[in-house]
Amino acid sequence: MPRDAFSHVTTWVFDLDHTLYPPSARLFDLIEVRMATWVMNALGVTRAEANRLRLHYWQTHGTTLAGLMREHDIDPEPYLVDVHDIPMDSLIPDPMLAAHIAALPGRRIIYTNGTAPYAERVLVARGLSGLFDAVYGVEHASYLPKPDHAAFDTVFKKDGLTTARAAMFEDDARNLSVPHALGMRTVHVAPERADAPHVQFHTDNLSSFLERLTRH
């Protein structure tokens with residue numbers, strides 16, 4: 001049982017996409033289409049090339065946005081507004097997940113490579129509104145993405161959390177490396193386990209994992 005390993009935790013940090021909703025919702029598929037369209041229009045390339053660049057930027061820089069900013073000096077605000085303008089029809093409320101998050105002792109925050117307004121829309125659709133003390137998006141990290149160390153430093157400084165007493169839940173194992181180095185408990189939320197030393201715990205069901213942490 002992992003409960004004892006989290007007994008010291010006073011701040012719970014959650015990623016958003018594919019962490020607080022399942023990949024089966026395929027919400028990010030809609031975002032990726034808008035990303036490719038944006039890259040096509042901004043750089044004057046074909047859709048195939050835009051998709052290649054989108055993947056290249058994600059692999060090289062952490063996010064498509066980071067690649068566009070570093071390699072093409074684009075303005076992040078119009079891009080972020082456009083790519084996150086998607087419907088939430090595929091998301092359904094999860095009362096059990098909401099109850100288990102609410103039962104966590106201490107502060108609960110969200111930190112996403114998306115934007116805070118987008119995160120708030122997801123929370124509404126998932127029935128998770130009002131459960132978090134703060135919501136941080138890429139704009140709060142000066143547009144630096146996870147897994148950039150400076151991005152974590154910026155957001156965690158804004159929040160004032162003590163990393164030695166915090167835990168991070170994240171679907172992208174790359175984004176758990178810095179939290180682990182900072183002394184946080186790390187939980188990989190994904191269908192398959194990542195074989196990496198910075199991943200301390202794995203779950204394919206966040207709700208069940210949290211239930212084990214809060215069960216008395």
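Quick look at the values:
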{"read-out": "Summed residue charge, Cβ within 15 Å of Val199's Cβ, Lys/Arg positive, Asp/Glu negative", "value": "-3"}
{"read-out": "Alpha-carbon Rg with Dmax, taken over segment 150-200, Å", "value": "10.9, 32"}
{"read-out": "Rounded percent of accessible protein surface that carbon and sulfur make up, segment 27-169, 1.4 Å probe", "value": "56 percent"}
{"read-out": "1.4 Å probe accessible area per residue over the chain, in Å²", "value": "46 Å²"}
{"read-out": "Residues whose placed amide H lies under 5 Å from that of Val135, excluding near-sequence neighbours", "value": "Ile110"}
{"read-out": "Among Leu43, Leu30, Leu144, residue whose mean-square fluctuation peaks in a GNM of the chain (springs only between Cα atoms under 10 Å)", "value": "Leu43"}
{"read-out": "Residue-averaged [θ]222 nm for the chain, counting only DSSP H segments that reach four residues, each worth -39500 (n - 2.57)", "value": "-13000 deg cm²/dmol"}
{"read-out": "Note, ³J(HN,Hα) from phi for segment 48-63, Karplus 6.51, -1.76, 1.60, rounded to Hz, x at Gly and Pro", "value": "4, 5, 4, 5, 5, 5, 4, 5, 4, 5, 5, 5, 8, 10, x, 8"}
{"read-out": "Equivalent ellipsoid semi-axes, segment 37-85, via Cα gyration tensor eigenvalues times 5, rooted, Å", "value": "14, 13, 10"}
{"read-out": "Chain lengthening between Thr214 and Arg165 when straightened (0.36 nm per residue, less Cα-Cα)", "value": "16.0 nm"}
{"read-out": "Hz values of 3J(HN,Hα) by residue in segment 121-137 - Karplus curve (6.51, -1.76, 1.60), Gly and Pro given as x", "value": "5, 5, 4, 4, 5, 8, x, 10, 5, x, 8, 10, 7, 7, 10, 10, x"}
{"read-out": "Relative counts (whole %) of C-alpha pair distances in the chain, using bins that are 10 Å wide", "value": "8, 35, 37, 17, 3, 0"}
{"read-out": "Rounded to 10°, Cα long-axis angle of helix 149-159 versus longest principal axis of the chain", "value": "60 degrees"}
{"read-out": "Rounded to 10°, Cα long-axis angle of helix 27-43 versus longest principal axis of the chain", "value": "30 degrees"}
{"read-out": "Cα-based Rg of segment 22-125 normalised by 2.2 N^0.38 Å, two decimals", "value": "1.24"}
{"read-out": "Surface accessible to a 1.4 Å probe, Arg108 within the full protein complex, Å²", "value": "40 Å²"}
{"read-out": "Cβ-based net charge around Phe14, under 12 Å, with every Lys or Arg adding one and every Asp or Glu removing one", "value": "-2"}
{"read-out": "For a label point 7 Å along the Cα-to-beta-carbon line of Ser207, residues of segment 1-24 with backbone N under 12 Å", "value": "21-22"}
{"read-out": "Counted charge near Asp172, where neighbours are those whose Cβ lies closer than 12 Å (Asp, Glu -1; Lys, Arg +1)", "value": "-2"}
{"read-out": "Cα centroid separation, segment 184-216 to segment 1-63 (Å)", "value": "19 Å"}
{"read-out": "Sequence of Arg54, Arg3, Arg193 from largest to smallest accessible area, 1.4 Å probe", "value": "Arg193, Arg3, Arg54"}
{"read-out": "Per-residue ³J(HN,Hα) for segment 172-184, Karplus 6.51 cos²θ - 1.76 cosθ + 1.60, θ = phi - 60°, Hz, x for Gly and Pro", "value": "9, 4, 4, 7, 9, 5, 5, x, 4, 5, 7, x, 7"}
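The values are calculated or read from the model by the stated rules, or taken from the named source; none is laboratory data. Since the model is a prediction, treat every value here as computed from it, not as a measurement. When we count neighbours, we look across all protein chains shown, and the Cβ atoms used for this are built from the backbone with ideal geometry, even at glycine. With ligands, DNA and RNA removed, areas are computed over all heavy atoms of the protein, side chains included. Shrake-Rupley method; radii C 1.70, N 1.55, O 1.52, S 1.80 Å.
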